[in-house]
């Protein structure tokens, strides 16, 4: 039952706006059930306290935001100084980390079914299921069901990685037929990434698959050789599609940061004038004054630096470093590179995407790689 619930949650997260439209509040209901399970299960108390300790730097960042918002004179009508979305994301991270700490083998099911969900969405798009009224093209970029193309393409690019991982290493113990079935959605998914026009997601997809294949350890040399050959053929096919896409034109006609550097320059200048932070509302006021528009920094590290100051950034780097060390130790134990790839993928997403501080997908992935414990798996 619990495995079914986490699989359903993974599917809903991967479907994004599609799930929000056709299955409203279903995701929240599943999260609520998993929270109840963690709270009332034997042996959960120590695990929960351990994950609260891991998330303690996040609570401090939340309090810094709250303090700065309360004492600084910046105000925007109907804008609260309490970031409820960030607070909700912290609790999601804690409880999902605790769930995966208690049931570490469900992480593989969760990730692969996340990939299946993203693949299903891509197939539906490729077959024209949504109809022309469900999407529009803006600046040669697909907006499917009104969803931000960057958010959509990040999910799909990581979904490809998980499906390849599930097929190559057979982490779900499937027969050959179903391992091949896992790869069927991949061309549709790559097509959706191209349609989204996201340069970052395209690079993330190519780099994560290439690194996975090159660093693969858990299969024989002959199988790895076959995987490399298949990967090269797939890459050449993908490259031919890329050169025919509008995304290729975006690489040629726009700078790599797609205008983010102007935002970063303005945000850094705000930080230099306020090294202890200006608060979230204060940032919006100042960026509006300097650029004429309220826009996210599109870089979480810069965002923390300007809103919470150097202390908030140090706290977050400490939080991320602990997760990184935990996954380095895990890799030394099981030689499974997938969790480190997820970590670096999230760092990449943090570095180029707007609004990720409360991006539930990011916190879901961080919980997947933070929750499982090597010691507990050895005991099992």
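Computed from the coordinates by the stated procedures, all read-outs in this text should not be read as laboratory data. Remember, predicted model here, so these are calculated numbers, not experimental data. In this analysis, Cβ positions are derived from the backbone assuming ideal geometry, glycine residues included, and neighbour counts consider all displayed protein chains.
Just a few scattered comments:
- Ranked 283, 333, criterion: other C-beta atoms within 10 Å, fewest first: 333, 283
- Residue 207-residue 53 pseudo-label distance in nm [points 7 Å out on the Cα-to-Cβ vector]: 3.3 nm
- Per-residue [θ]222 nm for the chain (sum of -39500 (n - 2.57) over DSSP H runs n ≥ 4, rounded to 500): -24000 deg cm²/dmol
- Rounded D (µm²/s) - the range 237-380, Kirkwood Rh over Cα pairs, Stokes-Einstein at 4 °C, 1.567 mPa s: 74 µm²/s
- When you count the other C-beta atoms within 10 angstrom of each residue and take the mean per peptide, 352-360, 90-98 line up highest first as 90-98, 352-360.
- Peptides ranked, highest mean first, by Cβ atoms within 10 Å: ranges 15-26, 271-282: 271-282, 15-26
- By the beta-carbon count within 10 Å of each Cβ, the least crowded to most crowded order of 264, 165, fewest first, is 264, 165.
- When the Cα atoms of the range 118-226 are aligned to their principal axes, the ranges along those axes come out at 47, 27, 18 Å in descending order.
- D (Stokes-Einstein, µm²/s), Kirkwood Cα radius, the range 2-379, 0.890 mPa s at 25 °C: 112 µm²/s
- Label sites at residue 76 and residue 137, each approximated as a point 7 angstrom past Cα along Cα to Cβ, lie 3.3 nm apart.
- The Cα-based radius of gyration and maximum Cα-Cα distance (Dmax) for the range 17-95 are 16.3, 48 Å.
- For the range 262-380, the relative contact order works out to 25 percent when only alpha carbon pairs closer than 8 Å and six or more residues apart are counted.
- Residues residue 229 and residue 91, FRET efficiency given R0 of 41 Å [Cβ-Cβ distance, rounded to 0.05]: 0.35
- Distance from the range 1-39 to the range 56-99 (C-alpha centre basis), Å: 23 Å
- Cut-off 15 Å (backbone N to label point 7 Å along Cα→Cβ of residue 331), residues of the range 144-184: none
- With the highest mean first, a sort of the peptides 308-320, 237-249 on other beta-carbon atoms found within 10 angstrom per residue produces 308-320, 237-249.
- Calculated FRET value between residue 268 and residue 33, using beta carbons and R₀ = 41 Å, to 0.05: 0.40
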